[in-house]
Structures are given as structure tokens and as C-alpha cells.
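Enquirer: Take this structure first; my questions come after.
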Amino acid sequence: MKSYTYIDGKVIHSLDLKVSQNSKIGIGLVLQTYHFSLEQVQQNDFTLDASNCLDCPFSYNQNSGKSGGCYTHKGLQLMGLKSKLRSLNKKLSKGLLSEFNPGEFKSFIEFAKNRVSPKLIRFGAYGEAVTLETPIRDALFKLAADTKSKVTGYTHQWHKVSETRFMASAHNLAEMVEARARGYRSFIVSDEELTKGFNCPASAESGKKKTCLECGLCSGTFGGKKKKDIYILQH
């Protein structure tokens, strides 16, 4: 429907307004953020993800150029991301991508707020959303508040960056406890049910009771309400 894409140092950010067709996320208008490394786009090589995925244990750069098992490395998700990467590569080669433009960003936010009103703002549909500068994050969270949109966001950088409006991506109870001490709520991928967490309502094991568009629990501390840590079984 509409997007705003810009270059920020070693990362290319793309903010996309589009209708989700993902059964887990739900069917509806979503604002999704994507974060590709400049190197990925220049070389049209999806595996060059050091600048945008950082030290995520599921990234290619942490697994000697092989997939670390990230859900974005599979099936239709991977096909869609590679298609987007090819599109960005063509735009970059034609000089159609530039650095951040405040006026263009303001226009994009006003369009989202006044014309379409997304039902979900999904930070980091691909790549680490903490690579977005704080003022950009703030503007997107304000948009969520203004439009009463649900929010989801996750980060593996919780031990390095203070952005508690995102969920800490954790893998066990010890990490959950550490993340909580840093002010984060956790989204835990586990191989067993956790009595100290709340099972993701969109998961297969919970019977897919709700979509992300309906749920909105993965919003960290955004909104100020006390919410539980969330877990999903390894899949």
C-alpha cells in the first residue's frame, strides 16, 4: 500500500503499510518494519546479516554463513524477503534510495494516522528493530497510541540496549529472570511448558485462540499495564 525506505549507515530500513495475509498475525492492515544490511542489498546476498541481525543466535553471521534456524529463513517468509531484497538492490543500483528525510517520514506517519490507521505495528518483521534510531521508534509508538494499534516487537539485544517496549527474546528461565531485572518482559521459545509464563494465544499448542492482531500481549512495557512473560514451544 505505502512504504518509506531509507539508508542509515550500514542498515536500510523499510517501513511498510500493507494488509497481512499471515494466519498467525491475522488478516488486517499492518505497519511492519524491515531492516536489511547495506551489504545484503549491495550484493543481493541474504546471508550477509551482521549489521542488521547483529549477534542474534539464529542469524547467518553467527552460524558460519548457514541458517541458524530463524523462522524468516524458511518457506514463503524466505521467498518474500528475498524478493524484497532484490527490489531494494534494484532501487539502490538506480540511486533511488537515500538517507533519512524528515519531511518524507512525517508524510508517511500522517498518512498512516489520518488515512488508514493500522491495526498492528510490528517492529522487526525482519532484522533487529533496535537498529532504528530512538526518535523513529518513539514516533511509531506514538502512532500506535494515537491509532489504538496493537504492537509487537522483540529483541535479542536486551542485555545491551534499553528498549523495554520490545519483548526480550529469551530461551530459558535464567534469561527471563535476567531480562526482568533489566526491566524487560520476555518472549521465551522453550522446549517445555513454563508455569511462570503465559502461553502465546496464537501458538499451535494453545489452539490458535487469537491472532497477533487480536492479542497484543507482546508489547513489552508499552501502555504501562502489567503483563506476563509469554512463551511458545520450540517449533
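Enquirer: Of all residues in segment 133-175, which are touching a Leu at 6+ places or on another chain (Cβ under 8 Å), over 20 Å from CYS70 (Cα atoms) and surrounded by 20 or more Cβ atoms within 10 Å (Cβ to Cβ)? Give the steps one after another, and end with the answer.
Expert: Filtering segment 133-175 for residues touching a Leu at 6+ places or on another chain (Cβ under 8 Å) gives 140, 143, 149-152, 156-157, 173.
From what is left, the residues that are over 20 Å from CYS70 (Cα atoms) are 140, 143, 149-151, 173.
Selection gives LEU140, LEU143, SER149, LYS150, VAL151.
Enquirer: Mind checking which residues of segment 21-33 are surrounded by 19 or more Cβ atoms within 10 Å (Cβ to Cβ) and either at pLDDT 95 or above or of a type in the set (Phe, Trp, Tyr) (or both)?
Expert: Within segment 21-33, VAL30, LEU31, GLN32, THR33 qualify.
Enquirer: Another question, if that's okay. Output the residues belonging to segment 19-49 that are within 15 Å of the chain's Cα centre (by Cα) and within 21 Å of CYS212 (Cβ to Cβ).
Expert: Those that are within 15 Å of the chain's Cα centre (by Cα) and within 21 Å of CYS212 (Cβ to Cβ): SER20, ASN22, LYS24, ILE25, VAL30, LEU31, GLN32, THR33, TYR34, HIS35.
Enquirer: It is to be established whether one or more residues within segment 190-201 are within 23 Å of GLN21 (Cβ to Cβ) and either without any contact (Cβ under 8 Å) to a residue 40 or more places away in the chain or hydroxyl-bearing (Ser, Thr, Tyr) (or both).
Expert: Yes: one or more hits.
Enquirer: Which of the residues that make up segment 202-222 are on the phi < 0 side of the Ramachandran plot and at pLDDT 90 or above? Show your work before the answer.
Expert: From segment 202-222, those on the phi < 0 side of the Ramachandran plot are 202-206, 209-215, 217-219, 221-222; that's our starting set.
Correct list: LYS209, LYS210, THR211, CYS212, LEU213, GLU214, CYS215, LEU217, CYS218, SER219, THR221, PHE222.
Enquirer: I'm checking my understanding of the structure. Among residues of segment 195-225 that are of a type in the set (A, V, I, L, M) and more than 16 Å from the chain's Cα centre (by Cα), which one is farthest from LEU31 (Cα to Cα)? Don't jump to the end; show me each part of the working.
Expert: Residues of segment 195-225 of a type in the set (A, V, I, L, M): 202, 204, 213, 217.
Okay, now just the ones that are also more than 16 Å from the chain's Cα centre (by Cα), so 202, 204.
Details: ALA202: 19, ALA204: 24 Å.
Top of the filtered list is ALA204.
Enquirer: Also, I was wondering about something else. Among (1) at pLDDT 85 or above; (2) within 19 Å of SER169 (Cα to Cα); (3) surrounded by fewer than 20 Cβ atoms within 10 Å (Cβ to Cβ); (4) of a type outside the set (A, V, I, L, M), where does HIS235 come up short?
Expert: Evaluating HIS235 over (1) at pLDDT 85 or above; (2) within 19 Å of SER169 (Cα to Cα); (3) surrounded by fewer than 20 Cβ atoms within 10 Å (Cβ to Cβ); (4) of a type outside the set (A, V, I, L, M) leaves (1) as the failure.
Enquirer: Could you tell me whether LYS10 is among the charged types (D, E, K, R), surrounded by fewer than 15 Cβ atoms within 10 Å (Cβ to Cβ) and without any contact (Cβ under 8 Å) to a residue 40 or more places away in the chain?
Expert: No: the conditions fail for LYS10.
Enquirer: Then there's this: Please verify whether segment 167-178 includes one or more residues that are touching a residue at least 12 places away in the same chain (Cβ under 8 Å), of a type in the set (Gly, Ala, Ser) and closer than 22 Å to MET1 by Cα.
Expert: For segment 167-178, residues touching a residue at least 12 places away in the same chain (Cβ under 8 Å), of a type in the set (Gly, Ala, Ser) and closer than 22 Å to MET1 by Cα: absent.
Enquirer: Just one of LYS82, LYS106 is exposed (fewer than 14 other Cβ atoms within 10 Å of the Cβ) and either without any contact (Cβ under 8 Å) to a residue 24 or more places away in the chain or of a type in the set (Ser, Thr, Tyr) (or both); which is it?
Expert: Residue meeting the stated conditions: LYS106.
Enquirer: ARG137: within 22 Å of ASP55 (Cβ to Cβ), in a helix (DSSP H, G or I) and within 18 Å of the chain's Cα centre (by Cα), yes or no?
Expert: Yes: the conditions hold for ARG137.
The values are calculated or read from the model by the stated rules, or taken from the named source; none is laboratory data. Note that the structure is a prediction, hence the values are computed from the model and not measured. Neighbour counts are summed over all protein chains in view; Cβ atoms, including those assigned to glycine, are modelled from backbone coordinates with ideal geometry.
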